[in-house]
Every structure is written in structure tokens, then in C-alpha cells.
There are 4 protein chains.
Amino acid sequence: MIPYEHKIQYYETDQMKIVHHSNYIRWFEEARCAVLDAVGCGYDTVEVRGIVSPVLGVTAEYKSMSRFGETVVIDVSVSMYNGFRFNIAYTVRDKENGEVRCIGETQHCFLNTDGRIVNLRKNAPDIHEKMLTLLPVEEHQQ
Amino acid sequence: MIPYEHKIQYYETDQMKIVHHSNYIRWFEEARCAVLDAVGCGYDTVEVRGIVSPVLGVTAEYKSMSRFGETVVIDVSVSMYNGFRFNIAYTVRDKENGEVRCIGETQHCFLNTDGRIVNLRKNAPDIHEKMLTLLPVEEHQQ
Amino acid sequence: MIPYEHKIQYYETDQMKIVHHSNYIRWFEEARCAVLDAVGCGYDTVEVRGIVSPVLGVTAEYKSMSRFGETVVIDVSVSMYNGFRFNIAYTVRDKENGEVRCIGETQHCFLNTDGRIVNLRKNAPDIHEKMLTLLPVEEHQQ
Amino acid sequence: MIPYEHKIQYYETDQMKIVHHSNYIRWFEEARCAVLDAVGCGYDTVEVRGIVSPVLGVTAEYKSMSRFGETVVIDVSVSMYNGFRFNIAYTVRDKENGEVRCIGETQHCFLNTDGRIVNLRKNAPDIHEKMLTLLPVEEHQQ
């Protein structure tokens, strides 16, 4: 999977002269959208079908500090997908020296416009097939 | 008109150890919403009627720097209103010493859900009457 | 402990017409700063002494959706403190109906300006005493 | 001059399903930093010399609406530079159809760490020379 890059902006810093920790949560979203888009499951594609995938939870562990001018590289992997829920794991590294800045995970589900859980396997099998391609090979084959 | 207060948050600072300039634009919106809400023209009230009031333009002059822990007081005044457009002027001052931090203005219009200009005088006379109360007395009486 | 209130701003919404999930992480910080400040351990007080308390980790579980115009009330409690590390737990509720919007926790440590762990018990006993007042009574007495 | 590109993120949208207007002010900064960096006058380079360039003012006129998934292209030009002050003009266009989204300008000065105006011509002639390269050719030659 192609890693996602984010160039750190001045407005993302705080008075500790480091990136404010809330921005990593936004970078997770940037990277997630890019990866889902790359396999044809982008927000746009899915929202057009009346399906949204809200964030149910997020965790982040900050390992080292990012600073203005640096670029981070974000590895994204789908750690779980079962048709109506999925989890995504992130590792944020400094582009230059590879140092881990942050690791995290987000949990999601699929909802229709009435706010009810949608099972893609039944309701959007074409998107379901694309989601499966994001799983590690061993799980995909099961 | 009651001045609007905003307590400055840590996440609003940048690495210059001052409030990042983009936040004043957001504070203008906070103060504008509070004032419009106070006279019964809040976003909610108006959006329910299928009317939105996008920002057409903004200007800000930064006079001095705000820092974490300070509170700012924002004076809001409607500098123009003609039924389908309005301008709002802002003065942001430090609460403690009254020093001016920033002055600015935003320009707005009223649009319906099709994106066409709406004249409140005709299409929402009750909201129009409330908007008039925001004008300085001399203009209101004209 | 006095609960912290936050009025939801327009700029905090996203195109799902709900508050973007990253803002809760910022609200945690708002509430944390207010509580630490109330007992005399505010960022300003501590940073003047050359001590910072970066965020080491954050978790959030989103239980229901917040919308523009609503006010949330945030309960803050120190779930752990041992002199050089502390954890803070948050419960975000809608002010009007009490519905839980989000629960979360942040992990912190104390560092000096060289980035080394500081034990408040030794290096800032007056601040240590104040931190202890934030612990539940049973732990405080131990 | 190479135009700056910004891919619009989900967290930049608001409940009107468009990009919140405050983000354009942040994109101005992104584009400004990239251009200054490209000629060797980046924030890092200049801040190391004890010189900062705060924003004195900003104007923005919103011409059309940006949406999630779109990419904008930002043209940046230095409209004035005299050694201690400079103005930068921005045109934000949709990448695909070229439609103008926003035009704006920011005003800046150079300050030393004491907050006093710095004239680069005298105090940092090498950076002054680089700033001159950003001016339109006719002015540069004068």
C-alpha cells in the first residue's frame, strides 16, 4: 500500500513549538480517505450510495514530537473488516529519519441515512469486494 | 449590544507563542452567531427556513498579539443591512487591559437552497424586522 | 469538581452536519486546562517553572453525535497521578438532555526543558500538593 | 512561479457541505511558506536568524465554493516588498475547471526577537536579495 505523506504546516504547531496533538487525529483521516479512495471506497463514492462511515472511536500514542517543516509518512492498514464495521491502524513516521511519531487506530461502522447499520456484503456487494482488498492477504483469502 | 467573550485555548497558539491569526476569523463567526442568535436571527432559525448566509468576504487587521490564558472581548456591530446583504464589523480587545488585538469585517448575503439571492424584506419579513434591530438607531429609523 | 461547558461552534461541524470528531480531543484539552487552572496547576503556572506536561496518549469513544448550537458539559477526573505521570478521564454530555456524547482519557507526564522526566514530589512539591487535591478522596488520603 | 496545490480534507468542510471559509486563510499560509521556502526565505531559515514575519492583515473575497475531494491550486505573488514589509496576493482556483474560489492578500513585516522592525536590506542582505527575486521582473530591475 502506498504510504500517505503530509507536510507539516505552521498552523499545526502550538506554543510548545511542536505539532498540536489533535492534528494527528486529522492526519489519520487524511490518510484513511486517501487509502479508501485508492481502492474505490472513497467517502464520495460511498456517500453517494447513502452510506456514511462515522468514527466510533480513536486511540493515539504519541512517541516523539513533530515540528514545522518536517514531512510525515503515514502507513495505513485495515486491521479488521466484517461487512459492517472496520478498524484502521496508523503509524506516523518522520519522512527523513523514519522515527515513529505516533501510532493509532480508528474504529468505524457503516450507517445508512436513517442511522441504521448497513452490511455492505448484502447492501453494496461491489464496495464490499473493494473493502476486502484492503485486508491482509491471509484474511482476504478466507 | 452585549460584547462576546472568548477564552483563548492552548490549541489556538502557534510556535510564535501567540494565537495563530486564522483563529480570529473563527472568533468573528462565534461572535456573529451569538449576536444574530440573541435577536432571533440565529443560523438555526434561518437555516430551518431554507436560507443560508455565506461569508462573501473577510478583512482583518492584527493590531497586537493574543496569548494563551487571556480572554478577549469582541464588539460586534452590523455596519450595513439592506434586506439581502449585510456586513458585520468586529473589534477584538483584551479583556483585562482593553488593548485592541484585531479589527475586522465580514460581508454576507442571504441565499436560498438553490443558491439564489433571497430578499428577507419580501421572503422572511419577520426575520427582516429582527435584522433591522441590529442596525444603529439612526439608520433603523430611516 | 465544577463541570466544564463548551458551546459548539459552526466551524466545528463537518459535512455530515455533526461535530467533527477531532474537536473532542481539543475539548478534552479545554476542560483539562480549566480544571488544572482551578487548583493552581495551570499550564502557565507550571510552564513558568520550566515544566511542561505533553500528551502521551489519547483515547476517545464516540457514543452519540453533537450538533451546532448545542452545549456540552465535560466532567473531568484525574484517574491516576504518581508525581511524574497523570491520566485524566473525560465524559462529554449534552447539556440539555444529559446524553453521553463521548468518553475519553489522556495520558501525560511532566518534563523539564531538557525533555527529561520531572518528579513533582521532589522538584515542585507545592505543585505536587495541588495535584493531589485532584485525586479521589480515598487515594488522596493514602 | 510554481503554483501550490492543496487537496481538500474532510475536516475542512462545515455543515453547509462546503469548505469553511477560515481554511482559506490557512491555505494562504501554506502557499506563502512554500513559495518563501522555494527561494530560500522559508520561516525556518529566517527564524534561525532571529527574524519573524507576523501577519499584519488579511483580506479574502470568496468567489465560489470548494468541496471535499476537490483540489485547489493557489497562485502566489509578492505584490510589495521594501526591505521591512511585504504583501502577498493569492488566487485560489479549482484544479479541474480553473474556477476562481477565492482571492486574497496578506500584509507582513519583519521583526526581530525584541519585536522591533528589521530592515533586511541592512540586517540580512542575503535574504533581502532572495526576497527581491519574488518581485515582478520590472520592479526587481529598478
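The values are calculated or read from the model by the stated rules, or taken from the named source; none is laboratory data. Just so it is clear, the model here is predicted, and its values are computed rather than measured. With ideal geometry, Cβ positions are generated from the backbone for all residues, glycine too; neighbour counts draw on all protein chains shown. We work out accessible area using only protein heavy atoms, side chains counted, and drop any ligands, DNA or RNA first. Shrake-Rupley method; radii C 1.70, N 1.55, O 1.52, S 1.80 Å.
Identify, by number, the condition in (1) out of contact with any Ser or Thr (no Cβ under 6 Å at 6 or more places or on another chain); (2) open to solvent by 60 Å² or more (accessible area, probe 1.4 Å) that A:TYR90 doesn't meet.
Every condition holds for A:TYR90 apart from (2).
Quick check: anything in the range A:83-104 at pLDDT below 95, closer than 20 Å to A:CYS33 by Cβ and in contact with a His (Cβ under 6 Å, 6 or more places away or on another chain)?
no
Please go through the range B:60-89 and pick out each residue that is of a type in the set (Gly, Ala, Ser) and part of a strand (DSSP E or B).
Residues satisfying the conditions are B:ALA60, B:SER77, B:SER79, B:ALA89.
For the structure I just gave you, tell me whether C:ASN112 is among the polar types (S, T, N, Q) and modelled with pLDDT under 95.
yes
Could you identify the single residue in A:SER66, A:SER79 that is touching a helix residue (DSSP H, G or I) at 6+ places or on another chain (Cβ under 9 Å) and among the small types (Gly, Ala, Ser)?
After applying the criteria, what remains is A:SER66.
Anything in the range A:1-15 that is touching a residue at least 12 places away in the same chain (Cβ under 8 Å) and not hydroxyl-bearing (Ser, Thr, Tyr)? List them, or say none.
A:MET1, A:ILE2, A:PRO3, A:GLU5, A:HIS6, A:LYS7, A:ILE8, A:GLN9, A:GLU12
Would you mind finding the one in C:ASN112, C:ASN119, C:ASN123 that is under 24 Å from A:ILE18 (Cβ atoms), surrounded by fewer than 19 Cβ atoms within 10 Å (Cβ to Cβ) and within 14 Å of chain A (Cβ to nearest Cβ)?
Just a single option satisfies the conditions, and that option is C:ASN112.
Give me a count of the residues in the range D:10-25 that are surrounded by 19 or more Cβ atoms within 10 Å (Cβ to Cβ) and either part of a helix (DSSP H, G or I) or among the polar types (S, T, N, Q) (or both).
8
Taking the residues in the range D:1-36 that are polar (S, T, N, Q) and farther than 16 Å from D:GLY104 by Cβ as candidates, determine which candidate is nearest to the chain's Cα centre (by Cα).
Restricting attention to the range D:1-36, the residues satisfying the condition of being polar (S, T, N, Q) are D:9, D:13, D:15, D:22-23.
Going one step further and asking which of them are farther than 16 Å from D:GLY104 by Cβ, we end up with D:9, D:13, D:15.
Numbers: D:GLN9: 20, D:THR13: 22, D:GLN15: 27 Å.
The qualifying residue nearest to the chain's Cα centre (by Cα) is D:GLN9.
State which residue is farthest from the other protein chains (Cβ to nearest Cβ) when the search covers only the range A:53-72 and only residues that are among the aliphatic types (A, V, I, L, M) and open to solvent by less than 30 Å² (accessible area, probe 1.4 Å).
A:VAL72
In the range D:27-52, which residues are buried (at least 19 other Cβ atoms within 10 Å of the Cβ) and of a type in the set (Lys, Arg)?
D:ARG32
Please go through (1) closer than 15 Å to C:CYS102 by Cα; (2) touching a Ser or Thr at 6+ places or on another chain (Cβ under 8 Å); (3) crowded, with 18+ Cβ neighbours inside 10 Å; (4) more than 10 Å from chain A (Cβ to nearest Cβ) for C:ASP75 and return the number of the only condition it doesn't satisfy.
For C:ASP75, the exception is condition (3).
Here are some residues: B:VAL52, B:VAL58. Which one is touching a residue at least 24 places away in the same chain (Cβ under 8 Å) and under 19 Å from B:TYR4 (Cβ atoms)?
Only one candidate passes the filter, namely B:VAL58.
Among all residue pairs at least 6 apart or on different chains, which show Cβ distances below 7 Å where the first residue, located in the range A:23-48, is within 14 Å of chain C (Cβ to nearest Cβ) and the second is among the small types (Gly, Ala, Ser) and open to solvent by 20 Å² or more (accessible area, probe 1.4 Å)?
From the range A:23-48, the pairs are A:ASP44/D:GLY69.
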